1. Using alpha-carbon pairs under 8 Å, 6+ residues apart, how would you state the relative contact order of region 1-71 in percent?
2. So what's region 78-123 giving for Rg/Rh, alpha carbon basis, Kirkwood Rh from the mean inverse pair distance?
3. Tally up the carbon and sulfur contribution to the accessible surface of region 1-109 as a whole percent, 1.4 Å probe, everything protein left in place.
4. How do Trp113, Trp53 rank by accessible surface area computed with a 1.4 Å probe, from largest to smallest?
5. Determine, at each q value in 0.12, 0.22 (inverse angstroms), the log₁₀ of I(q)/I(0) that the Debye formula gives when each Cα of the chain is one equal point scatterer.
6. On the full set of protein chains, 1.4 Å probe, figure out the accessible area of Leu100 and give it in Å² to the nearest 10.
7. Which net charge results for the neighbourhood of Val12, defined as the other residues with beta-carbon distances under 15 angstrom from its beta-carbon, given Lys and Arg at +1 and Asp and Glu at -1?
8. Relative contact order of the chain, please, whole-number percent, based on alpha carbon pairs below 8 angstrom and at least 6 residues apart.
Amino acid sequence: QVQLVESGGGLVQTGGSLRLSCDASGRTFFDYTMGWFRQAPGKEREFVAAIRWSGGTTIYADSAKGRFTISRDSAKSTVYLQMNTLNPEDTAVYYCAARLGLAFRTPGAYGSWGQGTQVTVSS
């Protein structure tokens, strides 16, 4: 059973940076895609970024391009989301997710989820 545990959220000022971590366990993830999603109050969960564990191919939402970087450390079974130049619109609960196979942008394609970590950007 896949287990995902996020950490690294917090309160940051506009223009600041945070690095989120997702510790993955429960199986080998060679053929998995790991994704980051976020959900703001009153809004639907939205795609942020994803990475193929094997090969490291990445995809990003338009809102994340140029500011966020997704990466993984295979030795630690950890996926990261480096977030720079944050603004209040980035305030949300950020979730790590995993799916077997290729990367998708839709939350429903992912079968395993972490509990989420809160990111709050103050103006």
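1. Result for region 1-71 is 21 percent.
2. Details: Rg = 12.6 Å, Rh = 12.3 Å.
With Rg and the Kirkwood Rh in hand, the quotient comes to 1.02.
3. 49
4. Ranking Trp113, Trp53 by accessible area, largest first, yields Trp113, Trp53.
5. Here log10 of I(q) over I(0) equals -0.38, -1.29.
6. Only protein atoms counted, so the area is about 110 Å².
7. Cβ neighbours under 15 Å give a net charge of +1.
8. 36
The values are calculated or read from the model by the stated rules, or taken from the named source; none is laboratory data. Note that the coordinates shown come from a computational prediction; the quantities given were computed from them, not determined experimentally. Here the Cβ is made from the backbone with ideal geometry for all residues, glycine too, and neighbour counts use every protein chain on show. For accessibility, only protein heavy atoms count, side chains too; no ligands or nucleic acids. Shrake-Rupley method; radii C 1.70, N 1.55, O 1.52, S 1.80 Å.
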